[in-house]
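Data first, discussion second: the structure below is written as structure tokens.
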Amino acid sequence: MNNEIHDTSHISYESLLEGNKQFVAKSLAEDPEFFDKLANGQKPPILWIGCADSRVPANQITNTKPGEIFVHRNIANVVVHTDMNMLSVLDYAVNVLQVKHVIVVGHYGCGGVLAAMSNQQVGLIDNWLRHIKDVYRYHTKELDAITDEKERGNRLVELNVAEGVQNLSKTSIVQNAWKNGQNLSIHGWVYALATGEITDLKVSCSNNTNLNEVFRFE
Ligand SMILES: [Zn+2]
């Protein structure tokens, strides 16, 4: 296996603007009305909640185009009910855009998850990653039993995604959508940096019956 990392030395402020010109030309060559249609509005059926990591861009890895996925990203794709940014994105996506699917997407080798698993301080972000330490605490027995550190980190990545799916289901926003008969499913995926492949963790839910009773709104 090659240990080099992707070369970004050709990337500059100017090269991005040049890249944009190429994007416009290519898009118009494929569909002369591409930007006219996008300018008229958006109707993405998917909300993506992913990691801020530069290696996990929602559109490229799903072969989708502008207008097709509504995206929210933060470090380690953490979903917590006190995050006003996430709640605003979720509310807009569910109630205005009427997305049909919300997908929490983690990725193996996530630096945020690995930092949460360690005892090293990184900085301010330690307080954000604290939420992932809670996920570890809920699954201490299972995680402590995994001796290989990389494997343990990968399992915590999966558990953090599953926790995010549960936390989305617990929001009043998602539960009200279900109560109103809206067609809305929450899913959890993991992306493998090493292969480019996405795995469905099969933790999907489309109603609140799987929630502990105290979280269920009537
Ligand atoms: Zn990450």
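When only residues in the stretch 154-201 that are among the charged types (D, E, K, R) and under 24 Å from D144 (Cβ atoms) count, which is surrounded by the most Cβ atoms within 10 Å (Cβ to Cβ)?
E163
Among (1) within 25 Å of T195 (Cβ to Cβ); (2) modelled with pLDDT under 95, which single condition is T64 missing?
(2)
Go through the stretch 34-51 and give me each residue that's aliphatic (A, V, I, L, M) and either touching a residue at least 60 places away in the same chain (Cβ under 8 Å) or in a loop (DSSP other than H, G, I, E, B) (or both).
I49
Just name the residue that is surrounded by the most Cβ atoms within 10 Å (Cβ to Cβ) out of those in the stretch 57-79 that are more than 16 Å from the ligand (Cβ to nearest atom) and assigned to a loop (DSSP other than H, G, I, E, B).
Filtering the stretch 57-79 for residues that are more than 16 Å from the ligand (Cβ to nearest atom) and assigned to a loop (DSSP other than H, G, I, E, B), the one surrounded by the most Cβ atoms within 10 Å (Cβ to Cβ) comes out as E68.
Quick test for you: out of S54, S88, pick the one residue that is assigned to a helix (DSSP H, G or I) and exposed (fewer than 13 other Cβ atoms within 10 Å of the Cβ).
S88
The values are calculated or read from the model by the stated rules, or taken from the named source; none is laboratory data. Remember, it's a predicted structure, so these values are computed and weren't measured experimentally. Here Cβ is always computed from backbone atoms with ideal geometry, including for glycine, and neighbour counts include all displayed protein chains.
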